[in-house]
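Reviewing the structure listed below.
The values are calculated or read from the model by the stated rules, or taken from the named source; none is laboratory data. These numbers were taken from a predicted model, which means no experiment stands behind them. So basically every Cβ, Gly included, is an ideal-geometry build from the backbone, and we count neighbours across all protein chains shown. All accessible areas refer to the heavy atoms of the entire protein, side chains included, with ligands and DNA or RNA removed. Shrake-Rupley method; radii C 1.70, N 1.55, O 1.52, S 1.80 Å.
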Amino acid sequence: ASLSKVFVGSLMARAVAENKVALDEDIRKYLEPDAYPNLTYEGTPVTVSNLLTHTLGFETPVRLSALYDKMGAGYYEDKAVDFSLDDFFTELKKVTLSKKPGTYYDYNNVGPEITAYILEQVYEKPYEKLLTSFFDELGMHNSYLQDYDRYRERLASGYDEEGELAYSFKRILLGGAGGVVTTLPDLAKFMKFQLESNDPLIKESTRVLKEAEDDLGYFWDMGFSEKEGFFYYKTGTS
């Protein structure tokens, strides 16, 4: 689920470390600039940093929000998801910023998906290929972007708060917000990479981009404990 976000965040941290992307860039640089005059608030545009810290300044587009509700209710359990990337960008043209970007935290799945799209433009490769290369680099050979029908028999069953079997969440759009299928041994490899590697992307991805109740980095939540010191974490509650 949302653990997927730290992978797209890691890839963006690498892009920033390589000076391919700047955190303060207007995201419309990577979209059709003239098609999104709505993605600004009193002259302040939505930036890459806003994507990474859930501070967009606007709510999830109506159709996408409804789709997540329907998925949670089981509507798509045996149906294909009828929402494309073109639909997403059409919806994005309709949103209205109600707050200045960077000033208000509102957890969302929109930022990670736009982040994945920007990475595609920067590296001129599909996000799935970028992610697969990253998995291979870390030796995570049992991690994939979700192809529900292909991996259905291998997926663990989830249960809701009442202990009832939960409906499956399928990957939507590029998979930046959710949709990675993995195993506990592979996640342990990712943890080892985070704790022991000297890769520049780790230092960049764990840098505080916005101070808050929990400080915010590249889709990581961060804090400082008196006993343990600096820590960062991510949950995938779905």
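Which of the GluC sites (Glu not before Pro) across segment 25-114 are loop residues per DSSP, with 13 or fewer other Cβ within 10 Å?
Numbers: sites: Glu25, Glu42, Glu59, Glu77, Glu91, Glu113; in loops: Glu25, Glu42, Glu59, Glu77.
Filter output for segment 25-114: Glu42, Glu77.
Take the alpha carbon gyration tensor of segment 96-238, find the square roots of its eigenvalues, order them as a ≥ b ≥ c, and report rounded if a/c is under 1.5; if not, report prolate when a/b exceeds b/c, else oblate.
Values: a/c = 1.26, a/b = 1.22, b/c = 1.04.
The shape class here is rounded.
When the dipole is taken about the Cα centre of the chain, and only Lys, Arg (+1) and Asp, Glu (-1) are charged at their Cβ, what size is it in debye, to the nearest 20?
Details: 26 positive and 40 negative charges, 78 e Å.
Its charge dipole is roughly 380 debye.
When the trypsin sites (Lys or Arg not before Pro) in segment 35-110 are filtered for DSSP coil states and for at most 11 other beta-carbon atoms within 10 Å of their beta-carbon, the remaining sites are Lys79, Lys94. Couplings 3J(HN,Hα) for segment 71-86, derived from phi with the Karplus relation 6.51 cos²θ - 1.76 cosθ + 1.60 (θ = phi - 60°), are 5, x, 8, x, 4, 9, 4, 10, 10, 6, 6, 9, 8, 9, 5, 5 Hz, where x marks Gly and Pro.
Shape of segment 150-204 from its Cα gyration tensor (a ≥ b ≥ c, root eigenvalues): rounded if a/c is under 1.5, otherwise prolate when a/b > b/c, or oblate? Spell out each step's value before the answer.
Working: a/c = 2.42, a/b = 1.96, b/c = 1.24.
Prolate shape, in that a/c is at least 1.5 and a/b is the bigger ratio.
Rounded, prolate or oblate: pick one for segment 20-138, where a ≥ b ≥ c are the square roots of the eigenvalues of its C-alpha gyration tensor, a/c under 1.5 means rounded, and failing that, prolate if a/b is larger than b/c, else oblate. Oblate.
Amide H contacts of Val180: Ser4, Gln146, each under 5 Å away and 5 or more positions distant or on a separate chain (H built 1.01 Å from N in the peptide plane; Pro and chain starts excluded).
Can you pull out the GluC sites (Glu not before Pro) in segment 179-217 whose DSSP state is coil and whose Cβ has at most 15 other Cβ atoms within 10 Å?
Filter output for segment 179-217: Glu211, Glu213.
Per residue, how much accessible area does the chain show when a 1.4 Å probe rolls over the protein heavy atoms, in square angstrom?
Numbers: 12800 Å² over 238 residues.
On a per-residue basis, the chain sits at 54 Å².
With the contact rule set at Cα under 8 Å and sequence spacing of 6 or more, what percent relative contact order holds for the chain?
Rounded, it is 30 percent for the chain.
Coupling constants for segment 180-192 follow from the phi torsions by the Karplus curve (6.51 cos²θ - 1.76 cosθ + 1.60, θ = phi - 60°), and in residue order they are 7, 9, 8, 10, 4, x, 5, 5, 5, 5, 5, 5, 4 Hz; glycine and proline get x. Annotation: amide H of Ala166 within the under-5 Å range of Gly158, Tyr159, Asp160, sequence separation 5 or more or interchain, hydrogens built in the peptide plane. Helical runs assigned H by DSSP (4 residues or longer) give the chain a calculated mean residue ellipticity at 222 nm of -10500 deg cm²/dmol, each run adding -39500 (n - 2.57) before division by the residue total. Cα centroids of segment 139-215 and segment 59-131: 17 Å apart.
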